């Protein structure tokens, strides 16, 4: 098997991207929208 | 019930086009990277669509609207953990898989632990996913055969063969290409169906009126913030349980991992999963909304007591036929009352009158639900062990009885496309895991063509196994549940092994391997003595393997060397 870089080296570099914040934020907005939709129609 | 020539034309034409296009566009795979990773050329939207198409099986489109019809929109909460899982996978899993240039998720475990841990998890995956692939074919086939009177065995074989043709010949590239077409058909078909349903509502019932009617009958209770463990769908189970489930599915199941391993770069793979994280919740919401609109439609139109035609036929041929017919008559009377009250409600502009009418509607619907419950009791008495839950049959009943010619063919193409897209990813992953983790690892030094040829043979073999499982599935009661149980027995253990690999650095291969074996025995035993619902076996397996491996490693101390890689 060809030599592979050790996994620890790869793990050390967590790079946070703006898109992660965006996806979490937008999904939070979905939940808020669902809440108001439910409030209006239940 | 049959379908017309135009519908047949659209259905057959769509399916043949997908198979032919996928086979043609993916010809000429020269090496293993081409065949198993699609040449590492996939762009982010291809990955995103492919990931979504893999998760959305035919049952998603048959069952989910039926779920909303009976229980409302609450099921959407099940997906709240998905975006969190996508972010964790983008942050941790994808960079690591790409950096190590792995073909399968299990290959990574050899570099982190050892060969035996890799082989063990690969075998666990093959057992559970091999059975699940058969059920992905069988589940829609049994419903379509019951409703359309098509031969179940032929339908299983046709769905399986169509998938086998392009998956074996074109590998991952063919799967990715066809899933784009399939998702276009799925989204297009569902959107048109939604518009048609709205159009079929009475003229004086606006979309807002429809939502009010649904809300008055408890169908718009989207969020449940309670901590009730009895309730399967709450915000908390979605956010906590859902995150773990999605993490194990998208992060360690090769049928999903293979989708984003085909990305041309780490960023493209990450963007593909972010796309899934953005679209999944609204997509499920939309499918559930279709189900709710079908519910509103049946407030103004007649519906059967039970949507499963086989169950109804059974009871009508039994000694309970008279009682059942009586229930049907009572339901017809209720429907007439309901229709007139609903129409009055839609026309009313007076707030207090509306409130009075809403209460009447609620009472009538409660009475209808009671009739449906009584009908289920009769169905069970007529045929003990019969499936009384008809949620899988609600949407297909609506499609076949109310949609115009042409659109029926399109919607059937949606359902079969969904079945094919999920099955293709499963066969692709099963073939890859067998070829890379079991065959190539133990037969090194052959040329690329040999491994491509073997990958094709393994994919074909799994295709045949999946078709056989689908064909024999009908012989067993509750086979779908059995497959889910088998999945739950293995899934938690596999996730635990991966979590140890990523986050618990001091644990080494020997401890994990022994821990995984002990965990598997304990989980199987716990299932056998039946002391907890089987879905909890996932959590049990995950926690057990982590605790046992950590304790073993602590007791082994420094005796075990770091795995040389």
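Values quoted throughout were computed directly from the atomic coordinates according to the rules given, and no laboratory measurement underlies them. Keep in mind that this is a model prediction, so the values were computed, not measured. Methodologically, a virtual Cβ is constructed for each residue, glycine included, from the backbone with ideal geometry; neighbour enumeration extends over all protein chains shown.
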Projected area averaged over all directions for the convex hull of the alpha carbon atoms of segment B:188-283, nm², comes out at 9.3 nm²
Taking the convex hull of the alpha-carbon atoms of segment B:342-381 and averaging its shadow over every direction gives an area in square nanometres of 2.8 nm²
So for R0 = 25 Å, FRET eff. of residue B:551-residue B:524 from the Cβ-Cβ r, to 0.05, ends up at 0.80
The Cα radius of gyration of segment B:358-457, divided by 2.2 N^0.38 Å with N its residue count, comes to 1.94
Taking Rh as the Kirkwood radius computed over alpha-carbon pairs of segment B:97-181 and applying Stokes-Einstein at 25 °C with viscosity 0.890 mPa s, one gets a diffusion coefficient in µm² s⁻¹ of 158 µm²/s
Computed over all unlike Cα pairs, the Kirkwood hydrodynamic radius of chain B in Å stands at 25.0 Å
Compactness check, segment B:469-539: C-alpha Rg relative to the 2.2 N^0.38 Å globular estimate gives 1.33
Binned at 5 Å from zero, the C-alpha pair distances of segment B:109-234 give percents of 2, 8, 8, 9, 12, 13, 14, 13, 10, 5, 2, 2, 1, 0
Residue separation between residue B:442 and residue B:326 times 0.36 nm, minus their alpha-carbon distance, gives in nm 35.1 nm
Here the FRET efficiency for residue B:450 versus residue B:43, based on Cβ atoms and R0 = 22 Å and rounded to 0.05, is 0.15
One finds the C-alpha centres of segment B:438-474 and segment B:279-296 to be spaced, in Å, by 38 Å
Note: segment B:301-403, point scatterers on Cα, Debye, no solvent; log10 I/I(0) at q = 0.15, 0.18, 0.25 Å⁻¹ equals -0.69, -0.89, -1.28
Computed Rg/Rh for segment B:346-409 (Cα atoms; Rh = Kirkwood radius) stands at 1.17
Residue B:343 and residue B:3 label points (each 7 Å along its Cα→Cβ direction) are spaced in nm at 3.3 nm
The residues B:469, B:175, sorted from fewest to most surrounding Cβ atoms within 10 Å, come out as B:469, B:175
By the Kirkwood definition, with r running over pairs of different Cα atoms, segment B:401-557 has a hydrodynamic radius in Å of 18.9 Å
Cβ density ranking, 10 Å radius, fewest first, applied to B:246, B:420 yields B:246, B:420
A student applying the Cα gyration tensor rule (rounded when a/c is under 1.5; otherwise prolate if a/b is larger than b/c, oblate if not) would label segment B:379-426 oblate
Along principal axes, largest first, the alpha-carbon spread of segment B:34-97 in whole Å comes out as 45, 25, 16
In this structure, the FRET efficiency calculated for residue B:227 and residue B:532 from their beta-carbon separation, with R0 = 25 Å, to the nearest 0.05, is 0.85
The rounded separation in angstrom of the Cα centers of segment B:204-245 and segment B:71-88 is 12 Å
Percent of all Cα-Cα pairs per 20 Å bin for the protein assembly as shown, counting from 0 up to the last occupied bin, reads 19, 52, 25, 4, 0
Note: probe point = Cα of residue B:381 + 7 Å toward Cβ; backbone nitrogen < 19 Å; residues of segment B:289-306 passing the test are B:305-306
Mean other chain Cβ within 10 Å across B:194-205 is 0
Expected sort for B:530, B:337, B:114 with the fewest Cβ neighbours (10 Å cutoff) up front is B:530, B:337, B:114
Over all pairs of different Cα atoms in segment B:261-357, the reciprocal of the mean inverse distance gives a Kirkwood radius in Å of 18.0 Å
